[in-house]
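Peer 1: Quick one: the structure is below, questions incoming.
The values are calculated or read from the model by the stated rules, or taken from the named source; none is laboratory data. All figures in this text were calculated on a predicted structure; none of them were measured in a lab. Here Cβ is always computed from backbone atoms with ideal geometry, including for glycine, and neighbour counts include all displayed protein chains.
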Amino acid sequence: MTGRADAPVETTRIPVSADEQREIETFLFLEARLADESRYDEWEALVTDDMHYWVPAGPAEGDPTATLSYINDNRARLATRIRQLQTGSRHAQTPASVMRRLLANIEVLAVGDDGATYVTTANFVLYELAAQSTQELRVWPGRVRHTLRRVDGQLRMAAKVVELVTATRPQPNLAFIL
């Protein structure tokens, strides 16, 4: 199993222990909260060195390098995105949007042979108040797939794939971490 966002995954739920499920859910809730609160240094500390972050402009199928995408970041590009958000001069997020997301239906779809890698999926709804412009409340529904891997005994995010329900429609600015 790889950390690449385009790695094939099973679509049936894999049973894990109650402790593993709780640990995975706790990690995913923390990741969502840190992104919502624009706590990017803490959020970035949750990712692996080979992180892949992908928001395709349609279904998450095939090779991300050959697919139209809203975001298709490797680790270096993700670090640049975060630094830009932290400068305060990224006008699309100055001031930062107020955001809150809900995660539901969290499932483990695959466990690596090493027992230290998990592919998870969840439904989400992100509410964004576009504070820097129209004050519009935007709703971003979709499905998110994470590849989590143990690094030094702690779960870390090796991949995040966000499939928006509205992916094939025109999108407002995606200048934040989904």
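Peer 1: What's the number of the condition ARG22 fails, among (1) in a helix (DSSP H, G or I); (2) surrounded by 14 or more Cβ atoms within 10 Å (Cβ to Cβ); (3) modelled with pLDDT of 95 or more?
Peer 2: (2)
Peer 1: Which one is modelled with the lowest pLDDT among residues in the range 120-162 that are closer than 20 Å to ARG33 by Cβ, crowded, with 18+ Cβ neighbours inside 10 Å and among the charged types (D, E, K, R)?
Peer 2: This residue is GLU128.
Here's the yes/no breakdown for (1) within 14 Å of the chain's Cα centre (by Cα); (2) within 17 Å of LYS160 (Cβ to Cβ):
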site	(1), (2)
GLU20	no, no
LEU30	yes, yes
ARG33	yes, yes
PRO59	no, yes
ARG75	yes, yes
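Peer 1: Which residue is modelled with the lowest pLDDT, if the candidates are limited to the range 28-42 and must be touching a strand residue (DSSP E or B) at 6+ places or on another chain (Cβ under 7 Å) and crowded, with 18+ Cβ neighbours inside 10 Å?
Peer 2: ASP36
Peer 1: In this structure, is THR117 more than 14 Å from the chain's Cα centre (by Cα), buried (at least 18 other Cβ atoms within 10 Å of the Cβ) and among the polar types (S, T, N, Q)?
Peer 2: For THR117, the condition - more than 14 Å from the chain's Cα centre (by Cα), buried (at least 18 other Cβ atoms within 10 Å of the Cβ) and among the polar types (S, T, N, Q) - is met.
Peer 1: Among what's in the range 93-108 and is among the hydrophobic types (A, V, I, L, M, F, W, C) and modelled with pLDDT under 95, pick the residue that is nearest to the chain's Cα centre (by Cα).
Peer 2: Here the answer is MET99.
Peer 1: Find all pairs meeting these conditions: Cβ atoms under 9 angstrom apart; at least six residues apart or on different chains; first residue within the range 158-170 and without any contact (Cβ under 8 Å) to a residue 12 or more places away in the chain; second residue surrounded by fewer than 23 Cβ atoms within 10 Å (Cβ to Cβ) and part of a loop (DSSP other than H, G, I, E, B).
Peer 2: none
Peer 1: Can you confirm whether ARG145 is within 14 Å of the chain's Cα centre (by Cα) and free of Cβ contacts under 8 Å to residues at least 12 places away in the same chain?
Peer 2: It is false that ARG145 is within 14 Å of the chain's Cα centre (by Cα) and free of Cβ contacts under 8 Å to residues at least 12 places away in the same chain.
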